[in-house]
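Coordinate-derived values only; no laboratory data. The structure presented is a predicted model; accordingly, all values stated were derived computationally and were not measured. Note: ideal-geometry Cβ built from the backbone for every residue, glycine included; neighbour counts use all protein chains shown.
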Amino acid sequence: MYYVSTRDKEKKNRLCASEAILQGLAPDGGLYVPSKLPELSKDINVDLPYDEFAYRVLLPFFEDDKNLSKEDLRDICRGAFNFPIPLKKLSNTSVLELFHGPTAAFKDFGARFLAFTMEKLLVKKNEKLCILVATSGDTGGAVASAFFKRQNLSVKVLFPKGRVAARQKQQLTCWGENVESYEVRGSFDDCQRMVKSAFVDPSLSGLSSANSINLGRLLPQMVYYVYASMQYVKEYGKEPVIIVPSGNVGNCTGAYWARKIGSPIKRVALSVNANTTIPEYLESGKYNPRDAIKTIANAMDVGAPSNMERLFDLFRSYEEMCSNVSAWSVVDDEIKRTIKEVYDEEGYVMCPHTACGERVRRDHFANEDTIIVSTAHPAKFETVVEPLIGTTVEMPAALSSLMDKKSIYKEIDADYHQLF
Ligand SMILES: *Cc1c(COP(=O)(O)O)cnc(C)c1O
């Protein structure tokens, strides 16, 4: 089993999974993908505990890995996947709730798997790494939480002053120990620029990133689709259509990989917000990445989806892409209407991202067997959700325990030298 960059057409530079994970981005600027997707092993069933299930799905992806043994992979899965992943039944669909981790969003799966894998590799090599992360929201919190107290690793979180919500800021600054937070006098773009400058400064070494293009975040995002589809088939005897609220399309790439290795998934459909790059491409055949538009499903505000290169690699022609991928855009007013409808009809509260998925289901898959992917807990977006449903949304225990912790951070100028 080996991995190559999406831009390495002759497959010359071959890495094992652990090497690709430590590298993040390939040196040619491409993204690492499996050279060939393995087949789902037959000894997998949904009665296994989730960490064991994940281990068995991932094992072929780490076959002959130079740096990680089977036992290592088992330890990593045990450490990373220690929270529930319910498939909830509503009247006309099932909802895969991916928000029961420590920061109440699906990014916990990828960030935790990446952190535990990096820790394992670095301890063996007796090396240290510092993760730099610029964030305007969800990612920073998930990464900070996942890397907190991991050996041989430290994190510097950068966020723009005055531009993150109060609850979000608390999730970025409540850590300490090996996780330091910096409030930057500047914009999110300034934060990103600082990280990039630090990476190319020859006097600094041992720096890495944890962003959503890392293979270590993608692989665990495949596992829950295998799990949910098998569970659905076991319960209802039919293959589901899975609808994924998408931004950088990392989450849905996991779903396409799950389907390719043999999971019982009828189809994967994407739901995006007012950022219409993907639906327009599917409509016209012209791929036209652009700047993002702001919406109330802000974790999906992406105009140039970074994992699209992996989908282009998976589906080689426009025709093949169209026969596998469908995508619809849902604008803010429709998101609001959906949150309200679902609450009125079912007493169930969806976050704005999840509501994008539900809108696509209602409009395009109303009579099909479906799973909607719920990417975050609605309490993370209370300022949007609560006025619509006219009541407060209770915070999950994991999140409220973060709210009680002491906030520590340094305020700095938009100059990366102040980080070191
Ligand atoms: C990151 C995120 C998304 C988008 O996921 P991609 O992998 O970027 O497509 C959707 N919803 C929430 C809540 C997120 O945090």
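The single condition among (1) in contact with a strand residue (DSSP E or B) (Cβ under 9 Å, 6 or more places away or on another chain); (2) closer than 25 Å to VAL241 by Cβ; (3) surrounded by fewer than 20 Cβ atoms within 10 Å (Cβ to Cβ); (4) among the small types (Gly, Ala, Ser) that GLY30 does not meet is (2).
Please verify whether segment 320-328 includes one or more residues that are under 21 Å from the mean Cα position of the chain (by Cα), aliphatic (A, V, I, L, M) and not in a strand (DSSP E or B). Checking segment 320-328: not a single residue is under 21 Å from the mean Cα position of the chain (by Cα), aliphatic (A, V, I, L, M) and not in a strand (DSSP E or B). Number of residues in segment 278-292 that are loosely packed, with under 11 Cβ neighbours inside 10 Å, assigned to a loop (DSSP other than H, G, I, E, B) and either in contact with a strand residue (DSSP E or B) (Cβ under 7 Å, 6 or more places away or on another chain) or not acidic (Asp, Glu) (or both): the value is 1. Within segment 391-420, residues that are in contact (Cβ under 8 Å) with a residue 60 or more places away in the chain and among the β-branched types (Val, Ile, Thr) have Cβ atoms under 6 Å from residues that are surrounded by fewer than 17 Cβ atoms within 10 Å (Cβ to Cβ) and assigned to a helix (DSSP H, G or I) in these pairs: ILE412/GLN418, counting only partners at least 6 apart in sequence or on another chain.
Do we find that THR354 is among the polar types (S, T, N, Q), closer than 30 Å to GLU235 by Cα and touching a Lys or Arg at 6+ places or on another chain (Cβ under 9 Å) in this structure? In short, no. Of the residues making up segment 282-309, just one is within 11 Å of the ligand (Cβ to nearest atom) and over 21 Å from ALA105 (Cβ atoms), namely MET308. Assess whether ASN92 counts as being in contact with a Lys or Arg (Cβ under 9 Å, 6 or more places away or on another chain) and surrounded by fewer than 15 Cβ atoms within 10 Å (Cβ to Cβ). When the stated conditions are applied, ASN92 does not pass them. Those strands (runs of 3 or more DSSP E) of segment 123-240 in which 1 or more residues are within 16 Å of the ligand (Cβ to nearest atom) and either touching an Asp or Glu at 6+ places or on another chain (Cβ under 9 Å) or closer than 29 Å to ASP51 by Cβ (or both) occupy 129-134, 153-160.
Residue selection: ILE372 satisfies the criterion of being outside any helix (DSSP H, G or I), buried (at least 17 other Cβ atoms within 10 Å of the Cβ) and either at negative phi or of a type in the set (A, V, I, L, M) (or both). Taken together, the residues in segment 248-277 that are under 24 Å from ASP369 (Cα atoms) and either within 15 Å of the ligand (Cβ to nearest atom) or part of a helix (DSSP H, G or I) (or both) amount to 18.
Suppose we keep only residues that are of a type in the set (Ser, Thr, Tyr), in a loop (DSSP other than H, G, I, E, B) and within 14 Å of TYR236 (Cα to Cα) within segment 84-110. Which one would you say is farthest from the chain's Cα centre (by Cα)? Here the residue is SER91. In the set SER197, SER208, only one residue is among the hydroxyl-bearing types (Ser, Thr, Tyr) and under 19 Å from ILE412 (Cα atoms); that residue is SER197.
The lone criterion from (1) within 20 Å of the chain's Cα centre (by Cα); (2) crowded, with 18+ Cβ neighbours inside 10 Å; (3) over 17 Å from PRO220 (Cα atoms) left unmet by CYS174 is number (1).
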